[in-house]
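First up is the structure itself, then whatever we jot down about it.
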Amino acid sequence: MRERYRYRVDSFVRYKAIRTTWEDIQRGLALPEGKHERARAMALEWRQSGKSDRQIVDTALAYFRQQPFYYTLTPPVLTGDKV
């Protein structure tokens, strides 16, 4: 990203999804092949640790709480693998 974008978002709090197939879910959760190797490695490590889905979510939330993530209106230019 090299410039700011402004966009409007509408919330549909009573939205009800139509039938979603397992293939749709898998496609929505998939990362492009050959990209995001660090994120893939972290997810694989969490999955292979024997944790339940809930425990993996808790691990991810703890990771975000413990790391020095921050919000800025003046981000640096992103290069390489942005994930």
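The values are calculated or read from the model by the stated rules, or taken from the named source; none is laboratory data. For clarity, every value in this text was computed on a predicted model and none was experimentally measured. Cβ sites come from the backbone with ideal geometry, for glycine too, and all protein chains shown count toward neighbours. Note: accessible area is taken over every heavy atom of the protein model, side chains too, but ligands, DNA and RNA are not part of it. Shrake-Rupley method; radii C 1.70, N 1.55, O 1.52, S 1.80 Å.
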Q.
Cut-off under 24 Å on the C-alpha distance; same-chain residues fewer than 8 positions from K82 excluded. Which lysines are left, in chain and number order?
A. K35
Q) Can you work out the base-10 log of I(q)/I(0) for the chain at q = 0.25 1/Å, using the Debye formula on its C-alpha atoms alone? A) -1.21
Q: Could you pull out the longest piece of the chain with no exposed loop trypsin sites (Lys or Arg not before Pro) in it, calling a site exposed if DSSP puts it outside H, G, I, E, B and it has at most 14 other Cβ atoms within 10 Å?
A: 52-81
Q. How about region 1-78: which GluC sites (Glu not before Pro) there lie in a loop by DSSP and see at most 13 other Cβ atoms within 10 Å?
A. E3, E33
Q: Quick one: pull the percent of accessible area on region 1-73 belonging to carbon and sulfur, 1.4 Å probe, ligands and nucleic acids left out.
A: 55 percent
Q: Net charge near V77: determine it from the other residues with C-beta under 12 Å of the C-beta of V77, scoring Lys and Arg +1 and Asp and Glu -1.
A: +1
Q: Please check the chain for the longest run free of chymotrypsin sites (Phe, Trp or Tyr not before Pro) that are loop-located per DSSP (anything but H, G, I, E, B) and have at most 12 other Cβ atoms within 10 Å.
A: 16-68
